[in-house]
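What follows is a set of notes on a single structure, which appears directly below.
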Amino acid sequence: MIMEIKTCEFVPENSQGQENRNSFFERIQPHLELIAALLSGLIVLIAWLYKGSIPHSLFVILHLAAFVIGGFAKAKEGIEDTIADKELNVELLMILAAIGSAVIGYWTEGAVLIFIFALSGALETYTLNKSNKEISSLMDLQPEHATLIKDGKEQIIPASELSVDDIILVRASERIPADGTIIRGATSIDERAITGESIPVQRQTNEDVYASTVALDGTITVKITKPASETLFQKIINMVQSAQDEKSPSQLFIERFEGTYVKIVLLVVAIMMFLPYFLFGWTLSESIYRAMVLLVVASPCALVASIMPATLSAISNSAKHGVLFKGGVHIENLGNLKAIAFDKTGTLTNGTPVVTDAYFTEKMAEDEIIATVAAIEKESTHPLALAITAYGEKALNQENIFVDDMKTVSGKGVTGFVDGVKWEIGNMNFVGEDLAKDFHNGIAQDLANEGKTIVCAKANEEIVAVFALKDTVRESAKKAIELLKNKGIEPVMLTGDNELTAKAIAEEAGIDRYIASCLPEEKVNYIKKLEEKHGNVAMVGDGINDAPALATANTGIAMGEGTDVALETADVVLMKNDLEKITSAIDLSSRMNRVVKQNIIFSLSVIGILIISNFFQIIDLPLGVIGHEGSTILVILNGLRLLK
């Protein structure tokens, strides 16, 4: 019995201890590279402090330990990359420089080189982890489980197993596990994970909800419309991940340059080991020593680290503010824009019409007309009908109106009977163009000339009301256009809408150039013309018809609420549909390009100065190590500034 008790107690303790150890290793795993670098530095410091009081063999052993601990990760990376790419790289150059220093007796200098090189590598890893932090935080927001309603019963299942048309229950304070449509209930939803906006929005029956947003104060029943792998939230994660993998032209050039440069450095080092001995009367040991210094100072570590940390920092920063780049090439291009083309509907405008003007006959009460028209239009699902219904909602709530025999006349309007009176609501041709022109001294035509859509209401064979509707310009669009102009970037509007509407929207948005009645292929042709004129051009759109132009432009920018095709085709996505974010992204891109140029100029200058100083025997190996690796750390830190 005693043995049984001991066994039962022993297993959980062992299990608990194993879990604690696993947890400890998981916590330190991301920091192993930094820990190894610091440990190697500590060993070198101890060896240097006690150099005179410890045996030489122990001194060497300590340095060998520092070499292995600090250099293992970089040596492994360098060898694996060389085998895979069949190209020499900067990691191998550094390892050779450290070994060379040790061979000629400069153990401490070689170990310090390994320490600082490992430290700069740890900083690069920190930059990558920092840029991954946004993805990690997004991944944490994804719900793991969902409450499925099947055969009237609730069951908890993994969110990944949800299928289209499944019915789920989401209670107050729970995260929504997948994209869907509310079929019962209403709630305020915190959508900051998707839009970045902190103010909750009200969602009710027949409205869409998105995965990883939070239902705050009501229970809703949701019908799933997309599998977990295709939700808007998952697309955000995928786009940020792919952006980190795609390299900018500058980065690709540096990587191609690195292989050739390393070969040249090794060749020059081999020559310098013996040439000064024969030509300048140097001793052989001095020639070899200077060759080792050259191997250290000529390595392009700082140059290689000039771009990627800065690019990853900029991508991470922009993702945090609702602008998703699908690669470094796009964030680099954005800072050099000369012109930007905008689609109209859903991009410059809100994408839904609203009633802007209304005129009524004096023979009937306004509220009665509005309520009756709204009651009839409520039976229709046409966008114009929805806008008029919304306009008359207040009046409709105050009246008790019954509509009989409502019919839709395709492409023209609707008819219906209220209290035995026939009402006709539609365009001017439908109700009678002459009657419409005579109403209020031809106000309908005047409003049409302003680019507005006209809907007339007719009762008892008389026009009783004229409504003017218009897709309103986003306030953010007006501000964005003004800011773009101030930056010297030319805005152009491309729309399939008619000339009158296009002109009115362009004037309101502040755009001087526009192309109306533009088919998708015509948008592509115009983008090509803009590229011929300006060189670097962006296109902003949201619809399927914009996809060819988005793909053609140097940089395609999609609105976050756009179609899946537009989102997939574009290079950049504005998650908050805020066009002002374009100017912020351009500023960030310009900052990134400046930082990259600073890094490249600085790193090349340091390499040049160190090489010349070494040739004239001004610097020794310790200063060469500090100058070279110090410049690498500085360019990485300069790139990290873009995180803010």
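Observations on the structure shown:
- Residues that are among the hydrophobic types (A, V, I, L, M, F, W, C), under 15 Å from Ala468 (Cα atoms) and without any contact (Cβ under 8 Å) to a residue 40 or more places away in the chain, drawn from the range 371-394: Ala374, Ala385, Leu386, Ala390
- Screening the range 589-644 for residues that are small (Gly, Ala, Ser) and under 28 Å from the mean Cα position of the chain (by Cα) and picking the one that is surrounded by the fewest Cβ atoms within 10 Å (Cβ to Cβ) gives Ser590.
- Test set (1) over 24 Å from Ser229 (Cβ atoms); (2) hydroxyl-bearing (Ser, Thr, Tyr); (3) touching a Leu at 6+ places or on another chain (Cβ under 7 Å) - Ser517 fails condition number: (3)
- Answer from Thr583, Thr555 - the residue that is in contact with a Lys or Arg (Cβ under 8 Å, 6 or more places away or on another chain) and polar (S, T, N, Q): Thr583
- Filter pass, Ala480 being among the small types (Gly, Ala, Ser), under 40 Å from the mean Cα position of the chain (by Cα), under 26 Å from Asp542 (Cβ atoms) and buried (at least 22 other Cβ atoms within 10 Å of the Cβ): yes
- Any hit, the range 210-221, residues being more than 23 Å from the chain's Cα centre (by Cα), modelled with pLDDT under 90, crowded, with 16+ Cβ neighbours inside 10 Å and in a loop (DSSP other than H, G, I, E, B): yes
- Positions within the range 89-112 being farther than 19 Å from Thr632 by Cα and open to solvent by 40 Å² or more (accessible area, probe 1.4 Å), in sequence order: Ile99, Val103, Ile104, Gly105, Tyr106, Trp107
- Residue match in the range 403-421 (condition: touching a residue at least 40 places away in the same chain (Cβ under 8 Å) and either small (Gly, Ala, Ser) or out of contact with any Phe, Trp or Tyr (no Cβ under 9 Å at 6 or more places or on another chain) (or both)): yes
- The range 300-343, residues that are under 12 Å from the mean Cα position of the chain (by Cα) and assigned to a strand (DSSP E or B): Val323, Leu324, Phe325
- Only listed residue being open to solvent by 40 Å² or more (accessible area, probe 1.4 Å) and free of Cβ contacts under 8 Å to residues at least 60 places away in the same chain, chosen from Glu561, Glu499: Glu499
- Within the range 509-522, the set of residues being over 14 Å from Ile340 (Cα atoms), touching a strand residue (DSSP E or B) at 6+ places or on another chain (Cβ under 9 Å) and open to solvent by 70 Å² or more (accessible area, probe 1.4 Å) comprises just one member, Glu522.
- Qualifying positions in the range 523-542 - open to solvent by 60 Å² or more (accessible area, probe 1.4 Å) and in contact (Cβ under 8 Å) with a residue 24 or more places away in the chain: Lys528, Lys533
- Val464 satisfies every condition listed in (1) in contact (Cβ under 8 Å) with a residue 24 or more places away in the chain; (2) surrounded by 19 or more Cβ atoms within 10 Å (Cβ to Cβ); (3) within 30 Å of Leu550 (Cβ to Cβ) except (3).
- Flag for Ala291 being under 40 Å from the mean Cα position of the chain (by Cα) and either under 30 Å from Ile95 (Cβ atoms) or surrounded by 24 or more Cβ atoms within 10 Å (Cβ to Cβ) (or both): no
- Failed item in (1) open to solvent by less than 40 Å² (accessible area, probe 1.4 Å); (2) at pLDDT 80 or above; (3) in a helix (DSSP H, G or I); (4) in contact with a Gly (Cβ under 7 Å, 6 or more places away or on another chain), with Lys581 passing the rest: (1)
- Selection status of Gly556, free of Cβ contacts under 8 Å to residues at least 24 places away in the same chain and not aliphatic (A, V, I, L, M): yes
- Counting only residues that are under 11 Å from Asp208 (Cβ atoms) and open to solvent by less than 10 Å² (accessible area, probe 1.4 Å), the range 171-193 holds 5 of them.
The values are calculated or read from the model by the stated rules, or taken from the named source; none is laboratory data. Nothing here was measured: the structure is a model prediction, and the numbers come from that model. Glycine gets a Cβ as well: all are built from the backbone with ideal geometry, and neighbour counts include every protein chain shown. All accessible areas refer to the heavy atoms of the entire protein, side chains included, with ligands and DNA or RNA removed. Shrake-Rupley method; radii C 1.70, N 1.55, O 1.52, S 1.80 Å.
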